[in-house]
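Accompanying notes for the structure given below.
Read-outs: derived from the displayed coordinates by stated rules, not from any lab. As the structure is a prediction and not an experimental result, all values here were calculated from the model. Don't worry about glycine lacking a Cβ; one is built from the backbone with ideal geometry, like all the others, and counts go over all protein chains shown.
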Amino acid sequence: MTGLTECKHMFSNGTDYECFVFEFCENCTRFRNERCRIFNRLELARFDENVFPYNELAQYSQTGKIICKSFTTEKPVKKWHRKQVDGQTEMEV
């Protein structure tokens, strides 16, 4: 099995980029409404290499395939902020 290293290179061509988006971005629960900070930086990197998210991506040392470190398929947990409002009646005694 090959080890993961820090990403040091951009995608070699547009097909590699499209495969990455199809495999990771479109299956990730963080990618909602066409928005993800890593995806947005990848789109900007098409015009300026300085914004490519090297620290957010990793690549296999032997094959060079780039993967996303933040990829997840777990549903996001919505944090509920329940606080007592002054003058609110309580349901529990």
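Odds and ends about this structure:
- Mean Cβ neighbour count within 10 Å, used as a protection proxy, ranking 41-53, 77-89 highest first: 41-53, 77-89
- Footprinting exposure proxy ranking of 12, 70, fewest other C-beta atoms within 10 angstrom first, gives 12, 70.
- Averaging 1/r across all pairs of distinct Cα atoms in the stretch 25-77 and inverting the result yields a Kirkwood radius of 12.1 Å.
- Net +/- balance of residues flanking residue 38 in space, Cβ distance below 12 Å, scoring K and R +1, D and E -1: +3
- Distance from the stretch 71-90 to the stretch 25-40 (C-alpha centre basis), Å: 23 Å
- Rg/Rh, computed from the Cα trace of the stretch 9-49 with Rh as the Kirkwood radius, has the value 0.96.
- In degrees, nearest ten, helix 14-23 long axis to first principal axis of the chain (Cα): 30 degrees
- Extended-chain gain in nm, criterion 0.36 nm per residue less alpha-carbon gap, residue 67 and residue 44: 6.5 nm
- This model, with +1 at the C-beta of Lys and Arg and -1 at the C-beta of Asp and Glu, gives the chain a dipole about its Cα centre of some 180 debye.
- Surface/4 estimate of mean projected area, convex hull on alpha-carbon atoms of the chain, nm²: 10.5 nm²
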